[in-house]
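Written below as structure tokens is the structure these notes are about.
The values are calculated or read from the model by the stated rules, or taken from the named source; none is laboratory data. Here the structure is a predicted model, which means the values were calculated and not measured. A quick note on method: Cβ atoms are made from the backbone with ideal geometry, for glycine too, and the neighbour counts reach across all protein chains shown. All accessible areas refer to the heavy atoms of the entire protein, side chains included, with ligands and DNA or RNA removed. Shrake-Rupley method; radii C 1.70, N 1.55, O 1.52, S 1.80 Å.
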Amino acid sequence: MGEDKAEPWTEELSSEPRATMYHNFLSKEECEHLISHAKPHLTKSRVVDTVTGGSKESSSRTSSGMFFRREQDKVIRKIEKRIADYTSIPVENGEGLQVLHYGIGQKFDPHCDYYENSPVTKNGGPRQATLLMYLSDVEEGGETVFPSATPKSSLPLLSFDPFTNRKGISVKPKMGDALLFWSMKPDGSLDPKSQHGANPVVKGDKWSATKWMHVHEYKY
């Protein structure tokens, strides 16, 4: 059975932070595989506790989610190999895929994926890049926003954001698309302009999968 996957193409969104959209990165079958295998294991999303290196609940993040193990099955192995090919970051530097579900009103306030002077960086060093894969379309809301980014394009998906009341990048979720952004600049310093968030879902459901990639090997 062939996969329903449109022709992939790449779009540069921003140089500060470095952000690229890989359109049609995942097939419909891959998206449905991740959703169906994640659904039975969803729990309330947590945020990293930068003091202990563990996790905690927070009102800033109201989605539900779960983690797959790295290379958990053949579909995930195929996706992770593709991520490594696109980013030139080895598979072993990545955390396991995290699948997230956002219902009506659920969101994630603007934040950075890197941590300074935290126990979190002991395993693999800092997160250098994030690939955010959209597993579903969203009828209204649910945009990924970068309030401080400088757009490289004037396409409609780069626009004024009504929730943050600021200019920047506002990306509408589309099934199969993948957004790569770097938390580190080319010189290795952390990039505060990589701050990003998820707007509340207004209508429909939002499913996404996140791959965080570290500077060094991430060990389980």
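A few points about this structure:
- Using the Cβ-Cβ distance between N24 and Y115 with R0 set to 41 Å, the FRET efficiency from 1/(1 + (r/R0)^6) comes to roughly 0.80.
- Extension gain, K44 back to R69 (0.36 nm per residue minus Cα-Cα distance, nm): 7.2 nm
- The modelled label-to-label distance for the pair Y86/K203, using points 7 Å beyond Cα in the direction of Cβ, is 2.9 nm.
- The range 166-220 - percent of accessible surface contributed by carbon and sulfur, probe 1.4 Å: 56
- If you plug the beta carbon distance of E11 and Y220 into 1/(1 + (r/R0)^6) with R0 = 25 Å, you get a FRET efficiency near 0.15.
- In terms of distances greater than 30 angstrom between alpha carbons, the cross-link table entries K122/K152; K81/K193; K44/K152; K39/K174; K74/K174; K78/K203 yield K122/K152; K44/K152; K78/K203.
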